[in-house]
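So the structure is just underneath, and the comments pick up after that.
Rule-based calculations on the coordinates, nothing more; no lab input. The model shown is predicted, which means the values in this text are computed figures rather than measured ones. Here the Cβ positions follow ideal geometry from the backbone for every residue, glycine too, while neighbour counts run over all protein chains shown.
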């Protein structure tokens with residue numbers, strides 16, 4: 001077993017373990033911290049796939065932006081565990097688990113039937129920023145414009161939605 | 001060189017864990033986190049295929065998925081806060097304002 005395979009198995013096991021931690025934690029803050037480690041392990045896997053720029057973007061966008069946003073919301077609305085209603089639809093987790101096993105079996109069957117493909121060892125040396133940047137800003141410039149519009153609309157929508165409604169005492173008397 | 005199939009299996013496992021979390025948890029915050037996990041596992045699949053076929057379009061697609069995920073989590077958390085101001089609860093079973 002090569003060094004690369006051992007490294008992949010270790011990082012993959014850590015990734016799966018933290019994913020399980022996100023789902024099973026009782027306290028929302030613990031879930032968010034598990035999510036942070038999970039995103040970091042995925043960034044390491046991106047580096048092993050020759051996608052260095054996307055690994056950096058993963059750390060910046062997900063670990064630096066999204067997890068921090070989730071932690072801010074947890075601080076705003078509190079993180080008391082709420083799944084304490086005894087006997088309230090207690091079969092739901094088992095139904096979810098059964099559906100998940102069925103889905104995993106289907107996906108694993110599809111992957112195992114895939115014919116083995118040989119990979120060029122120099123494949124996608126273009127994960128480095130300069131090649132990916134030329135690719136994005138020359139052939140896919142429309143996608144960049146659309147993403148900009150999407151982010152602007154999401155920003156305005158989030159501002160509008162999370163605005164505190166005007167109460168009676170602030171009205172002009 | 002780790003074969004592509006290993007990455008696909010890992011991605012399938014993470015996607016399934018996220019789907020089980022969406023189906024079985026009742027805290028809306030944790031459901032949003034699980035949706036992010038599912039998006040990330042699909043990103044891993046796209047990058048693995050981008051390496052296998054030596055084609056950068058997969059990585060460009062992952063870039064766009066990241067933009068959409070950032071927009072989605074911002075709007076989702078804003079809706080969560082708006083609903084929390086209304087009902088003082090993050091339980092997904094209490095979200096029935098639009099039901100009649």
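Okay, residues lined up against (1) part of a helix (DSSP H, G or I); (2) surrounded by fewer than 21 Cβ atoms within 10 Å (Cβ to Cβ):
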site: B:1; (1), (2): no, yes
site: B:6; (1), (2): yes, yes
site: B:23; (1), (2): yes, yes
site: B:33; (1), (2): yes, no
site: B:39; (1), (2): yes, yes
site: B:72; (1), (2): yes, yes
site: B:75; (1), (2): yes, yes
site: B:79; (1), (2): yes, yes
site: B:98; (1), (2): no, yes
_Among the residues in region B:43-52, are any more than 7 Å from every other protein chain (Cβ to nearest Cβ) and crowded, with 24+ Cβ neighbours inside 10 Å?_
yes
